[in-house]
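Below is one structure, written out as structure tokens; the observations come after it.
Here, each number is a calculation from the coordinates, and none is a lab measurement. Computed from a prediction, not measured in an experiment: that's the story for all the values here. Cβ sites come from the backbone with ideal geometry, for glycine too, and all protein chains shown count toward neighbours.
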């Protein structure tokens, strides 16, 4: 299956944030999207997943031959798309395990799995990320550290088994060990049935993931695409030099550095 984005424009409060995105992501492929702050990377992930705050003003997003603009976020998730949030929400009164069990049943309605069997699956998967068993009984993201929230997002991805996952700055706030664990988990998912869009500012997670394609975003557009060597060039020369080479007229490009 292929996620296909064609000439995508999107607005928030009449301000245009995406200005003609074209991108194709198939199962079996890992795409990295890089760019300075304000480039539209997180906006793109929200538009794909149907966040009502973001309005599609032009263009089309389709997956499995379905127009995502016509679907609600839960319907998009049922198709097999998954978003790992940059800033995961905290929900009091709802345990992580109950939340994930409800999500699993919603996205895999034809599968029958008892609560006990699901819990066993959840505990076994958590151990792969070096997450303690009692973690899954805590309130969803409440009092989680930044690293715990990011591991919890990846745990959700491993259990839900999406067809294409969007990882929005999953590497931010992770220490070296956590980054390696998260990267190994994503790599373990790599198959003809799994694809991913990895949104990041930095090359460090790409050292572990080795994406098939790297795209550079700036001002709501993809201005350059290539292989993993493009990320290496960014690391060496910075965004300003790459953007100038791509013919982007800028005075200054600010990054998170």
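Computed over the range 30-83, the Cα gyration tensor eigenvalues convert (square root of 5λ each) into semi-axes of 20, 13, 10 Å, ordered from largest to smallest. When every Cα-Cα distance of the range 121-257 is counted in 10 angstrom steps from zero, the calculated P(r) takes the values 10, 38, 30, 16, 5, 0 percent.
Highest mobility in the GNM of the chain, judged by mean-square fluctuation with C-alpha springs under 10 Å and restricted to 101, 31, 201, is found for 101. Secondary structure note: in the chain, about 60% of the DSSP beta bridges are antiparallel.
Entry note: the chain has Rg to Rh equal to 0.96, where both radii use alpha-carbon atoms and Rh is the Kirkwood radius.
Calculate how steeply helix 96-107 sits against the longest principal axis of the alpha-carbon atoms of the chain, using the helix alpha-carbon long axis, and give the answer as 0 to 90 degrees to the nearest 10. So the inclination is approximately 70 degrees. The calculated FRET efficiency for the pair residue 89 and residue 7, based on their C-beta separation and a Förster distance of 25 Å, comes to about 0.20.
The separation of the range 74-92 from the range 113-133, counted between C-alpha centres, amounts to 19 Å. Rounded to the nearest 0.05, what FRET efficiency do residue 229 and residue 128 have when you use their Cβ-Cβ distance and R0 = 30 Å? Rounded to the nearest 0.05, the efficiency is 0.45.
Angle of helix 115-128 to the longest C-alpha principal axis of the chain, folded into 0 to 90 degrees and rounded to 10: 50°.
Against the chain, whose longest principal axis comes from its Cα atoms, helix 146-160 is set at around 70 degrees. Evaluated on the range 33-162, the Kirkwood hydrodynamic radius is 16.2 Å, with distances taken between all distinct Cα atoms.
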